[in-house]
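The values are calculated or read from the model by the stated rules, or taken from the named source; none is laboratory data. Just so we're clear, the structure is a prediction, and the values are computed from it rather than from any experiment. Here Cβ is always computed from backbone atoms with ideal geometry, including for glycine, and neighbour counts include all displayed protein chains. Accessible surface is based on the protein model in full, side chains and every heavy atom, while ligands, DNA and RNA are left aside. Shrake-Rupley method; radii C 1.70, N 1.55, O 1.52, S 1.80 Å.
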Amino acid sequence: MSEILKELDLDSATETVYLFLLSSGQLAIDEIAQQLNLKVAEVESAINTLKSKDLVFRNQGIKAKYSAIYPLVAISDRAEDSLHTVKNIGDEI
């Protein structure tokens, strides 16, 4: 798992939030902050980073709750995108 986490290139707080979500299921930002003794702003920043890397998603509902996406799924999606890019470049050549 540590090799996979290295590949994701997350800072310490973001990695902590990500691993917590992987093991805890869907949680709101304030719940994550309380459980991990982090500031809400730190968790918001971590969630935004994770969303930008397609590692979390927001669940439907009145209160925003987030769930983690398993890292192999995210890495696989990025590899597939890269493959499409290479194929498109090859087609242009």
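If you filter the range 49-72 down to residues that are surrounded by fewer than 12 Cβ atoms within 10 Å (Cβ to Cβ) and without any contact (Cβ under 8 Å) to a residue 12 or more places away in the chain, you find that the one that is farthest from the chain's Cα centre (by Cα) is 62.
Among all positions in the range 4-12, there is at least one residue which is under 15 Å from residue 72 (Cα atoms) and without any contact (Cβ under 8 Å) to a residue 24 or more places away in the chain. Would it be correct to say that residue 30 is of a type in the set (D, E, K, R), modelled with pLDDT under 95 and open to solvent by 40 Å² or more (accessible area, probe 1.4 Å)? When the stated conditions are applied, residue 30 does not pass them. If you go through the range 33-70 and keep only what is in a loop (DSSP other than H, G, I, E, B) and among the aliphatic types (A, V, I, L, M), you end up with 38, 55, 62, 64, 69.
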